[in-house]
Amino acid sequence: MAWVTGHQLRLYNSLGRLTEDFAPSADVVGLYSCGPTVYAYQHLGNMRPYVFADTLRRALRWKGIAVRHVVNITDVGHAVADSDTGEDKLELAAAKELRSVEEIAEFYAQDWLAALDALNVQRADVYPRASAYVDQMIEFAKVLEDKGYTYQLPSGLYFDTSKSAGYGQLALLDLAGQRETGRVEHVEGRRLGSDFALWRAEEPGVRRIMRWNSPWGWGAPGWHLECSVMSMSLLGAHFDIHTGGIDHRELHHVNEIAQSEAFLEDGRPWVRYWLHNEFILLDAQKIAKSAGHTLRLADLVESGYHPMAYRLFLLGGHYRSQVDFTMTAMDAAQATLRRLITRVAPLRPLPPVETLDEARALADLADDKAALAYVEAIDAAIASDLATPRLLAILQDALRDPEAGAEGLRVVVAAADALLGLRLGDLEPAEVDQRRTPDDLAPGERAAIERLVAERTQARAEKNWSRADEIRAELDALGVQVTDTAAGPTWQLR
Ligand code: AMP
Ligand code: ZN
């Protein structure tokens, strides 16, 4: 059993909707995170689950707990609209882009991994691809069939949710009432709306590109099967933590649990802790306009933001809170990052710190009581269901503390960054874009700009075009770009 040190790590478990003490059940904690379906670019929102899982991994490591992390890559079996029938997302993308499904999957998987690298997300131990596990998925479905949990229809093999004790517990489904789990399309012959496909048979006259032979005919596996099969195959029958976006709590994870517990039939919960991140709200309209497609990390980088600024933006909100993504918030994150790096750079090199025990030992060595207190506060924050906003505030407090000595501060910064992963130890100030944002201006500077903008508005209202042009030139010289909108003028720094 791993030795857990410091404040008790507490995590919010979707199973029961309670914040609970986390106790590892093995020397190496098994952690499975639902990964992307690689048929298109991943947008800014779906970076959050992996930064969140990365924070969790860092927190476990900080507590001295070893982790084996598996993140799947869905390259087959995910039908359009998350349904049980219809076209496969990858096949559709391949047809549209005139590329093979393998090329599509590889291209978008690599793009996704590159984005995670840029966000300083530690690589998982394994990224299994669903297409490599189809034989095992068929074997798994056969076991369920032998145990009497399934029925066959012309459209495929279905899991009979009425046979599953405790079906829908994770979603808090009302079993006495209806058992439907959200998006349910009509499937001919399906007994209950909550029953789901384990195998999707080819429709008559349709030949899929990705097709396998099975006891239920040619076709492809159901979407939920891969996560049960790959997690058990790589982490063992039972493991400690399963993560994913909040949208998975109601359907995908409910079905993963139902089929896994039916497969195991050992009367134990399959996975002990289910953690879900809330959504990042993207203003679809604004983003579609600015980028011509859904905004992704590469777009931010192209606009001069550092990927660490997006990581900082994410960590500035708790993973269970919905957060609005706005360019104003990005500007603030970029300015905060620049200030942080500028403040931290003179303290380098930082000592290597990954765990609480290491941080404590170094603070002791520096004989710095204040630093030790900051380290304990950092530990309390992360132990409290990964309270990264609090952790950031503690780091800022330490950096502003006039009493803090350099030796102790080095330890505090290294400790904070073991959990935040903001590259505080090596990110060069020059790497972070030097472009100023309004947040970087001194209050006087900002007031002067606003006064000029107001004067220009006044001149325009008076149709004094030459004066308005003069002011625009003046603002231009200050690096201020004015844009006239229906709601009045706005300005930004170049
Ligand atoms: P998908 O490829 O659509 O399965 O999405 C990959 C992951 O991103 C899933 O865990 C989703 O729950 C999650 N996700 C999708 N959109 C968002 C969003 N706007 N904010 C946070 N997570 C999201
Ligand atoms: Zn999954």
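Laboratory data are not the source of any read-out in this text; all were calculated from the coordinates shown. Small disclaimer: the values here were computed from a predicted structure and weren't measured. Don't worry about glycine lacking a Cβ; one is built from the backbone with ideal geometry, like all the others, and counts go over all protein chains shown.
Kindly provide the helix-only [θ] at 222 nm of the chain, computed as the sum of -39,500 (n - 2.57) over DSSP H runs of four or more divided by all residues, to the nearest 500 deg cm²/dmol?
It lands at -13000 deg cm²/dmol.
Dividing the convex hull volume of the alpha carbon atoms of the range 368-494 by its residue count, what do you get in Å³ per residue? Working shown, then result.
Numbers: hull volume 18.4 nm³, N = 127.
Hull volume over Cα atoms, normalised by residue count, gives 145 Å³.
Hey, got the dipole for the range 93-137? About the Cα centre, +1 on K and R Cβ, -1 on D and E Cβ, debye to the nearest 20? Intermediate values should be presented prior to the final figure.
Details: 4 positive and 8 negative charges, 19 e Å.
Here the size comes out at about 100 debye.
Could you give the C-alpha radius of gyration of the chain expressed as a fraction of 2.2 N^0.38 Å, taking N as the number of residues it contains? If you can, show how the numbers build up before the last one.
On the way: Rg = 26.2 Å, N = 494, 2.2 N^0.38 = 23.2 Å.
In units of the 2.2 N^0.38 Å rule of thumb, it is 1.13.
Give me the base-10 log of I(q)/I(0) for the range 245-392 at each q in 0.19 Å⁻¹, Debye formula, one uniform scatterer per Cα, rounded to two decimals.
-1.18
Neighbouring Cβ atoms within 10 Å as the yardstick, rank E462, E91 fewest first.
Numbers: E462 10, E91 19.
Arranged by neighbour count, lowest to highest, E462, E91 become E462, E91.
What whole-number distance in Å separates the alpha-carbon centres of the range 209-245 and the range 246-281?
Using only Cα atoms, the two centres lie 13 Å from each other.
Picking from Q8, T294, T328, whose Cα lies most toward the positive end of the charge dipole for the chain (charges on Cβ: Lys, Arg +1; Asp, Glu -1)?
T328
Rounded to the nearest 0.05, what FRET efficiency is calculated for A461 and A298 with R0 set to 45 Å and r the Cβ-Cβ distance?
On the way: r = 41 Å, r/R0 = 0.92.
E(calc), rounded to 0.05, equals 0.65.
Check the chain and count each lysine pair with an alpha-carbon distance under 28 angstrom, considering only pairs eight or more places apart or from different chains.
Details: K63/K369; K89/K142; K89/K286; K89/K289; K96/K286; K96/K289; K142/K163; K147/K163.
Summing the qualifying lysine pairs gives 8.
What residues have an amide H closer than 5 Å to that of N277, excluding those fewer than 5 places away on the same chain, when H is modeled at 1.01 Å from N in the peptide plane?
Residues meeting the amide H criterion: G244, G245, I246.
Rank the residues D299, D476 as a footprinting-exposure proxy: fewest other Cβ atoms within 10 Å of their Cβ go first.
D476, D299
Have a look at the range 218-328 and give its Rg and Dmax from the Cα atoms, expressed in angstrom.
18.5, 54
Have a look at Y319, S131, Q169 and report the one farthest towards the positive end of the charge dipole of the chain, computed about the Cα centre with Cβ charges (Lys/Arg +1, Asp/Glu -1).
Of the candidates, Y319 comes out farthest on the positive side.
Show me the ranking of peptides 426-432, 401-407 by mean Cβ neighbours inside 10 Å, starting with the highest.
Details: 426-432: 13.7, 401-407: 11.7.
So the peptides 426-432, 401-407, ranked by packing, come out 426-432, 401-407.
Which listed residue (A53, A262, W491) has the Cα farthest towards the positive end of the charge dipole for the chain, taking +1 on Lys and Arg C-beta and -1 on Asp and Glu C-beta about the Cα centre?
The one lying farthest along the dipole's positive direction is W491.
Need the full-extension length gain, E188 to Q136, defined as separation in residues times 0.36 nm minus the C-alpha distance. One decimal, nm.
Details: separation 52, 0.36 × 52 = 18.72 nm, distance 2.73 nm.
Extending this stretch completely gives an extra 16.0 nm.
Arrange the peptides 157-163, 195-201 so that the one whose residues have, on average, the most other Cβ atoms within 10 Å appears first. Spell out each step's value before the answer.
On the way: 157-163: 21.0, 195-201: 26.3.
With the highest mean Cβ count within 10 Å placed first, the list reads 195-201, 157-163.
Taking amide H positions as placed 1.01 Å from N in the peptide plane, with prolines and chain starts having none, which residues 5 or more places from F239, or on another chain, fall under 5 Å of its amide H?
So F239 has HN proximity to R272.
Rounded to the nearest 20 debye, what is the charge dipole size of the chain about its Cα centre when +1 sits on each Lys and Arg Cβ and -1 on each Asp and Glu Cβ?
Computed charge dipole of the chain: roughly 580 debye.
Give me the angle, in degrees from 0 to 90, between the Cα long axis of helix 252-264 and the longest principal axis of the Cα atoms of the chain, rounded to the nearest 10.
40
Hey, rough spin-label estimate for E97 and L281, points 7 angstrom out along Cα→Cβ, what's it come to in nanometres?
In this crude spin-label approximation the distance works out to 3.1 nm.
Assigning unit charges at the beta carbon (Lys, Arg +1; Asp, Glu -1) and nothing else, what dipole magnitude in debye, to the nearest 20, does the range 236-362 show about its Cα centre?
Working: 13 positive and 16 negative charges, 156 e Å.
It works out to roughly 740 debye.
Using alpha carbons only, how many degrees (0 to 90, rounded to 10) separate the axis of helix 327-344 from the longest principal axis of the chain?
70
Starting from the 7 Å offset along Cα-to-Cβ, what nm value, one decimal, do you get for the label separation of Q152 and A361?
Between Q152 and A361, the simple spin-label model gives 6.1 nm.
Please compute the contact order of the range 341-433 in relative form: average sequence separation of alpha-carbon pairs under 8 Å and at least six residues apart, divided by the residue count, as a percent. Mind showing how you got there, number by number?
On the way: 102 pairs, mean separation 41.3, N = 93.
Normalised by residue count, the contact order of the range 341-433 is 44 percent.
Given labels modelled 7 Å from the Cα in the Cβ direction, how far is it in nm from F107 to S321?
Taking the two extended label points, one gets 3.9 nm.
Which of L90, L44 has the fewest other C-beta atoms within 10 Å, and how do the rest follow up to the most? Working shown, then result.
Values: L90 27, L44 21.
The most exposed by this proxy come first: L44, L90.
Would you kindly derive the ³J(HN,Hα) couplings of the range 128-137 from the backbone phi angles with the Karplus curve 6.51 cos²θ - 1.76 cosθ + 1.60 (θ = phi - 60°), listing them in order in whole Hz, with x for Gly and Pro?
x, 9, 4, 4, 7, 10, 5, 4, 5, 5
Specify the angular offset, from 0 to 90 degrees and rounded to the nearest 10, of the alpha carbon long axis of helix 369-383 from the longest principal axis of the alpha carbons in the chain.
40
Output wanted: per-residue J couplings in Hz (rounded whole) for the range 225-238, from phi through Karplus 6.51 cos²θ - 1.76 cosθ + 1.60, θ = phi - 60°, x for Gly and Pro.
4, 4, 5, 5, 5, 6, 5, 5, 5, 9, 10, x, 4, 10
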